[in-house]
1. Using modelled amide H (1.01 Å from N, peptide plane; none on Pro or chain starts), what sits under 5 Å from the amide H of Thr13, excluding residues fewer than 5 places away?
2. Against the longest principal axis of the chain, how steep is helix 46-57, in degrees 0 to 90 to the nearest 10, with axes from Cα atoms?
3. Using a 10 Å cut-off on Cβ atoms, rank the peptides 135-146, 96-107 from the highest mean neighbour count down.
4. Determine the sum of side-chain charges near Val32: Lys and Arg each +1, Asp and Glu each -1, restricted to other residues whose C-beta is under 13 angstrom from that of Val32.
5. Restricting attention to the alpha-carbon atoms of the chain, what are Rg (one decimal) and Dmax (integer), both in Å?
6. To the nearest 20 debye, what is the magnitude of the charge dipole of the chain about its Cα centre, counting +1 on the Cβ of each Lys and Arg and -1 on the Cβ of each Asp and Glu?
7. In degrees from 0 to 90, rounded to the nearest 10, what is the angle of the helix 91-107 Cα long axis to the longest principal axis of the chain?
8. Can you tell me the length gained on complete extension of the stretch Val26 to Glu130, counting 0.36 nm per residue apart and subtracting the Cα distance?
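Every number in this text was worked out from the coordinates using simple rules, so none of it is lab data. All values reported here derive from a predicted model rather than from experimental measurement. For neighbour counting, all protein chains shown are included, and Cβ atoms are generated from backbone atoms with ideal geometry for every residue, glycine included.
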Amino acid sequence: MKAIFVGSFNPFTQAHKDIVTLACQVFPSVVVAVAEDTGRVTVCDFATRIAIAKQSLQEMAGVEVMGFKGLLTDFLKNQKTDFLIRGLRNEADFSAEQALMQVYKSQYAHIKPIYFITQNRHISASVVRELARLGGTIEGYVAHAAKDLIVTTYGGGK
C-alpha cells in the first residue's frame with residue numbers, strides 16, 4: 001500500500017519531514033511528490049526543490065521522492081493509489097484543506113485524504129526562506145543533509 005505526500009516543498013522543511021515520518025508509520029511506501037507547477041512563484045527551480053527533498057529524506061527507508069507535472073489527481077491515478085497525505089500545522093491549514101479536498105474529489109472521487117499534524121507547527125517554508133535570505137540560522141528548521149544546498153539556493157543563512 002502506497003501513499004502520496006504532495007507539495008511545492010519550497011524548500012522541504014523539518015515540518016515536512018515530520019509528516020513523512022508519521023506517514024511511514026502507517027504506509028510501507030510513501031512517495032514525496034514535488035509539484036512542478038505550484039500556482040505560486042517558487043524561489044528555486046523544480047530540479048533543486050527535488051534535490052533538497054531527496055537530501056532531506058536520504059536515510060528514510062520506504063520513501064521515494066518524485067517530481068510531477070500536471071494534475072495531482074492524475075499523478076495519484078498513475079501511481080495506482082488513492083491515499084493522499086496532507087500536513088497540518090493549525091486550524092487555518094485544516095480549513096484550507098477541506099476546500100481543496102472538494103476540488104480534488106471533483107476530479108477523482110476515490111481520493112482518500114489522510115491528515116497528519118506536524119510537531120513543528122512554527123516551521124513553514126516561507127519562514128525558512130526568509131531566515132535564509134536574511135542570514136539567520138536555519139539549523140533545526142531543515143534536515144542537516146540539505147542545509148548547505150538550501151543556504152546556497154535561498155540566501156546567506158547559517
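1. none
2. 90 degrees
3. Working: 135-146: 17.1, 96-107: 12.3.
Top to bottom by mean Cβ count within 10 Å: 135-146, 96-107.
4. Details: positive: Lys2, Lys17, Arg49, Lys54, Arg86; negative: Asp18, Glu64.
With Lys, Arg at +1 and Asp, Glu at -1, the net is +3.
5. Values for the chain (Cα only, Rg and Dmax): 15.0, 45 Å.
6. Working: 17 positive and 14 negative charges, 18 e Å.
The calculated dipole for the chain is roughly 80 debye.
7. Result, in degrees: 50.
8. Values: separation 104, 0.36 × 104 = 37.44 nm, distance 3.30 nm.
Roughly 34.1 nm would be gained on extension.
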